[in-house]
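Participant: Here's a structure for you.
The values are calculated or read from the model by the stated rules, or taken from the named source; none is laboratory data. Just so it is clear, the model here is predicted, and its values are computed rather than measured. Neighbour counts are summed over all protein chains in view; Cβ atoms, including those assigned to glycine, are modelled from backbone coordinates with ideal geometry.
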Amino acid sequence: MGIKLMFFANGNTGLAAICNVCGKQVTDADTANIIWFPPSCGDKVGDTFEPFITCKDECENKLELWADKQGKGFEHLYSQELNVGLIWLLQNSGLMPLGGKKMKEAKRLADFCASVV
Ligand SMILES: [Zn+2]
């Protein structure tokens, strides 16, 4: 799970954040975190690895308990609020600044795609 393509009831298909623990869609970024272990590949610039997305509190606690049982120890987990991570995604995808030319064009295209479904 994590960031997935999802079919929506209105006929749209789009990216959605899915909790890795309960499998529910995160509809409020303030209520979820991105969690990761220190990557085994090291920390060289350009290395990539998979994060977890969890609802805060209950699902995050379950992930920490699972990590502890795996012998990874939850004290080694790193986390970032999902709302912060999504801003980083926009930044790293070249869409920032908010309200800038690229963001306005992306919003116009997204609105157009939603209108033709
Ligand atoms: Zn959850």
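Participant: Output the residues belonging to the stretch 36-57 that are within 16 Å of the chain's Cα centre (by Cα) and either of a type in the set (A, V, I, L, M, F, W, C) or at pLDDT below 90 (or both). Full working, then the answer.
Facilitator: Start the filter on the stretch 36-57 by keeping residues that are within 16 Å of the chain's Cα centre (by Cα), which leaves 36-37, 48-56.
Those that are within 16 Å of the chain's Cα centre (by Cα) and either of a type in the set (A, V, I, L, M, F, W, C) or at pLDDT below 90 (or both): TRP36, PHE37, THR48, PHE49, GLU50, PHE52, ILE53, CYS55.
Participant: Across the stretch 1-17, which residue is farthest from the chain's Cα centre (by Cα) among those that are more than 16 Å from ASN83 (Cβ to Cβ) and aliphatic (A, V, I, L, M)? Break it down into steps so the answer makes sense when it comes.
Facilitator: Our first condition is that a residue be more than 16 Å from ASN83 (Cβ to Cβ); within the stretch 1-17, this holds for 1, 4-14.
Going one step further and asking which of them are aliphatic (A, V, I, L, M), we end up with 1, 5-6, 9.
On the way: MET1: 10, LEU5: 12, MET6: 14, ALA9: 21 Å.
Here the residue is ALA9.
Participant: So, LEU82, is that one of a type in the set (A, V, I, L, M) and out of contact with any strand residue (DSSP E or B) (no Cβ under 9 Å at 6 or more places or on another chain) or not?
Facilitator: On the way: of a type in the set (A, V, I, L, M): yes; out of contact with any strand residue (DSSP E or B) (no Cβ under 9 Å at 6 or more places or on another chain): no.
So LEU82 does not fit the description; no.
Participant: Looking only at residues that are of a type in the set (A, V, I, L, M, F, W, C) and touching a Ser or Thr at 6+ places or on another chain (Cβ under 6 Å) in the stretch 6-54, which one is farthest from the ligand (Cβ to nearest atom)? Even if it seems obvious, please write down each step before you answer.
Facilitator: Our first condition is that a residue be of a type in the set (A, V, I, L, M, F, W, C); within the stretch 6-54, this holds for 6-9, 15-19, 21-22, 26, 29, 32, 34-37, 41, 45, 49, 52-53.
Filter again for touching a Ser or Thr at 6+ places or on another chain (Cβ under 6 Å), leaving 7, 19, 21, 35.
Values: PHE7: 20, CYS19: 3, VAL21: 5, ILE35: 12 Å.
Restricting to residues being of a type in the set (A, V, I, L, M, F, W, C) and touching a Ser or Thr at 6+ places or on another chain (Cβ under 6 Å), the top hit is PHE7.
Participant: Moving on. What's the total number of residues in the stretch 53-84 that are among the acidic types (Asp, Glu) and touching a His at 6+ places or on another chain (Cβ under 8 Å)? First the steps, then the outcome.
Facilitator: The initial filter retains those residues of the stretch 53-84 that are among the acidic types (Asp, Glu), namely 57-58, 60, 64, 68, 75, 81.
Add one more test, that the residue is touching a His at 6+ places or on another chain (Cβ under 8 Å), and what stays is none.
Final tally of qualifying residues: 0.
Participant: Would the stretch 99-110 turn up any residue that is within 20 Å of GLY2 (Cα to Cα) and either at pLDDT 95 or above or not acidic (Asp, Glu) (or both)?
Facilitator: Going through the stretch 99-110, the residues within 20 Å of GLY2 (Cα to Cα) turn out to be none.
No, the stretch 99-110 has no match at all.
Participant: Can you name every residue in the stretch 58-111 that is hydroxyl-bearing (Ser, Thr, Tyr) and over 18 Å from the mean Cα position of the chain (by Cα)? Steps first, answer last, please.
Facilitator: Taking the stretch 58-111 and keeping what is hydroxyl-bearing (Ser, Thr, Tyr), we get 78-79, 93.
Those that are hydroxyl-bearing (Ser, Thr, Tyr) and over 18 Å from the mean Cα position of the chain (by Cα): none in the stretch 58-111.
Participant: Next question. Out of the stretch 48-64, which residues are under 22 Å from ASP30 (Cα atoms), free of Cβ contacts under 8 Å to residues at least 40 places away in the same chain and not hydroxyl-bearing (Ser, Thr, Tyr)? Before you say what the answer is, go through the steps one by one.
Facilitator: Filtering the stretch 48-64 for residues under 22 Å from ASP30 (Cα atoms) gives 50-64.
Narrowing the set further to residues that are free of Cβ contacts under 8 Å to residues at least 40 places away in the same chain leaves 54-58, 60-61, 64.
Of everything in the stretch 48-64, those that are under 22 Å from ASP30 (Cα atoms), free of Cβ contacts under 8 Å to residues at least 40 places away in the same chain and not hydroxyl-bearing (Ser, Thr, Tyr) turn out to be CYS55, LYS56, ASP57, GLU58, GLU60, ASN61, GLU64.
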